[in-house]
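**Q** Questions regarding the structure given below will be posed in turn.
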Amino acid sequence: MNNKFRDFLPKVDVLLERVEAEKINYPKEIVKKAINLMLNEQRSFIKDGTFDEKNDLFSKENFAKNLKDYINKITSSKIRRVINATGTIIHTNLGRAPLSEKIVDEIKPIICNYSDLEFDLSEGKRGSRLKHLNTDLFDSEDILVVNNNASACLLILNTIADGKEVIVSRGELVEIGGSFRVPEIMKASGAVLKEVGTTNKTKIIDYEKAINDNTGLILKVHRSNFVLKGFTEEVSSTKLVELSKKYNIPLYFDLGSGAISVVKSISRDEPIINEEIKKGVDIVSFSGDKLLGGTQSGIIVGRKDLIELMKQNPLYRALRPDKFTIYYLERLFYYLTVGLYEYSPVLNMLLEPIDRIEKRG
């Protein structure tokens, strides 16, 4: 530090005495942290030659105000509201799906107090936190919620196919955000990856040839954010259902974004959750905070016996969501089931008529 300016910086003890004298009422640790921030900032200015010896940061007249500004700087939320002008409604870097203020207001009295999250009021004993979730929206036998779709994939693979082979097309070995790849999830789950077909072409015979006594699962992955065009071929979930029934091997479809029926009106490319269940897909998983417009979560729907096994898996305990997620999704599922799509800001924006958007623009 340049000795020339050393005397311009007061000592911490001296500043703390001034705080007491001026009756600045903040917790002492926060005050000390703010003072150190002020001093360190000035030391860095001295070091790089930009120090202004005329600054009034510690002056008698302005110290109290400046200190409060620095206290606000270190105590205010580091997460800020932003305007999304990207044109991308579900933006992974901007908090993903915005939540419904109406639903948040509705569940606020519940989440801010005690509730029957895991208590059966009619029986007077411990209950399941998932009993609140209605499966009608997905036409599913049962439902399980974890903290994101990667967790859902991990739990499904570990429960059904730990130590067994999982057949998947090479064209569906996708990478999602943060360099997170399907083969890596599979390895972590204990399942054994069995690749079939090629990057651009996979046929039903490729799947059938790969089946053996150690086959535990057939996996289909929806390529949500990219497409293969040209000389390509892939096997539909309908054909995979037939194959899975023939050999009595469960079929799992990772849908990713998670589209419900109403999305068909704006996109022909997204597989619909309840349609896949009706086809006979055994297990479907998807994100709760994408096309559904809910909280960050991974939602698993499908066969009750398989989901019951997942509930008994010790891994589920580490992946289960908190009460806010459960209560929010319970309300969201209800409103979407009865067609009140305005309770999902994402769907509300996606379904908004073009002429109304143009008028607003």
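Where a number appears in this text, it was derived from the coordinates with a stated rule and is not lab data. None of these values were measured; they are calculated from a predicted model. Counting neighbours? That spans all protein chains shown, and the Cβs are built from the backbone with ideal geometry, glycine included.
**Q** How long are the semi-axes of the equivalent ellipsoid of the range 1-132, defined as square roots of 5 times the Cα gyration tensor eigenvalues? Whole Å, largest first. Intermediate values should be presented prior to the final figure.
**A** Numbers: eigenvalues 478, 105, 33 Å².
Largest first, the range 1-132 gives 49, 23, 13 Å.
**Q** Oh, and also: Along each principal axis of its Cα atoms, how long is the range 3-75 end to end? Whole angstroms, biggest number first, please.
**A** For the range 3-75, the Cα spread along each principal axis is 34, 22, 18 Å.
**Q** Okay, moving on. Compute the longest continuous run of the chain that contains no exposed trypsin sites (Lys or Arg not before Pro); treat a site as exposed when its DSSP state is not H, G, I, E or B and it has at most 16 other Cβ atoms within 10 Å.
**A** Working: sites that count: LYS11, LYS23, LYS54, LYS60, LYS78, ARG80, ARG81, LYS203, ARG223, LYS229, ARG268.
My reading of the result: 82-202 is the longest stretch.
**Q** For the chain, give me the percentage of DSSP beta bridges that are antiparallel, rounded to the nearest 5 percent. Present the calculation step by step, with values, prior to reporting the outcome.
**A** Values: 14 of 32 bridges.
Expressed as a percentage, antiparallel bridges in the chain total about 45.
**Q** When the chain is fully extended, how far beyond the present Cα-Cα distance does CYS112 get from GLU358, taking 0.36 nm per residue of separation? Walk me through the intermediate numbers first.
**A** On the way: separation 246, 0.36 × 246 = 88.56 nm, distance 4.06 nm.
Stretched out fully, the CYS112 to GLU358 stretch lengthens by 84.5 nm.
**Q** Sticking with this one: Determine by what factor the alpha-carbon radius of gyration of the range 236-361 differs from 2.2 N^0.38 Å, reporting the quotient.
**A** 1.20
**Q** Right, another one. Return the FRET efficiency for the residue pair ILE266, ASP48: r is the Cβ-Cβ distance, R0 is 45 Å, and the value is rounded to the nearest 0.05. Could the numbers behind the result be given before it?
**A** Details: r = 54 Å, r/R0 = 1.19.
The calculated FRET efficiency here is 0.25.
**Q** Specify which residue in the list SER44, LEU67, LEU217 is farthest towards the positive end of the charge dipole of the chain, using unit charges on the beta carbon of Lys, Arg (+1) and Asp, Glu (-1), about the Cα centre.
**A** Result: SER44, furthest along the dipole toward the positive end.
**Q** Hey, any idea what Rg/Rh is for the range 165-285, computing Rh the Kirkwood way over Cα pairs?
**A** Reported Rg/Rh, Kirkwood definition of Rh: 0.94.
**Q** Please get the size of the charge dipole for the range 3-75, origin at its Cα centre, with Cβ charges of +1 on Lys and Arg and -1 on Asp and Glu, quoted in debye to the nearest 20.
**A** Charge dipole of the range 3-75: 140 debye, to the nearest 20.
**Q** How much of the pair distance distribution for the range 101-356 lies past 23 Å, counting alpha-carbon pairs only, in percent? Please report the intermediate quantities before stating the final value.
**A** Numbers: 16900 of 32640 pairs.
When all Cα pairs of the range 101-356 are counted, 52 percent exceed 23 Å.
**Q** Place +1 on the Cβ of every Lys and Arg and -1 on the Cβ of every Asp and Glu in the chain, take the dipole about the Cα centre, and give the residue among LEU347, ILE79, ASN55 whose Cα lies farthest towards its positive end.
**A** ASN55
**Q** If you don't mind, another one. Mind putting a number on the dipole of the chain about its Cα centre? Charges go on the C-beta only, +1 for Lys and Arg and -1 for Asp and Glu, and I need it in Debye to the nearest 20. Provide the component values of the computation, followed by the final result.
**A** Values: 54 positive and 51 negative charges, 157 e Å.
Taking the Cα centre of the chain as origin, the dipole is about 760 debye.
**Q** Would you please classify the overall shape of the range 317-361 from the alpha carbon gyration tensor, given that a ≥ b ≥ c denote the square roots of the eigenvalues, rounded means a/c under 1.5, and beyond that prolate means a/b larger than b/c while oblate covers the rest?
**A** Details: a/c = 4.48, a/b = 2.50, b/c = 1.79.
Note, shape of the range 317-361 comes out prolate.
**Q** Using DSSP loop states and a limit of at most 14 other Cβ atoms within 10 Å to flag GluC sites (Glu not before Pro), what is the longest stretch of the chain containing no flagged site?
**A** 124-361
**Q** Then there's this: Report the extension gain between GLU342 and LEU37 in nm, rounded to one decimal, defined as 0.36 nm multiplied by the number of residues separating them, less their alpha carbon distance. The partial results should precede the final answer.
**A** Numbers: separation 305, 0.36 × 305 = 109.80 nm, distance 4.55 nm.
Difference between extended and current length: 105.2 nm.
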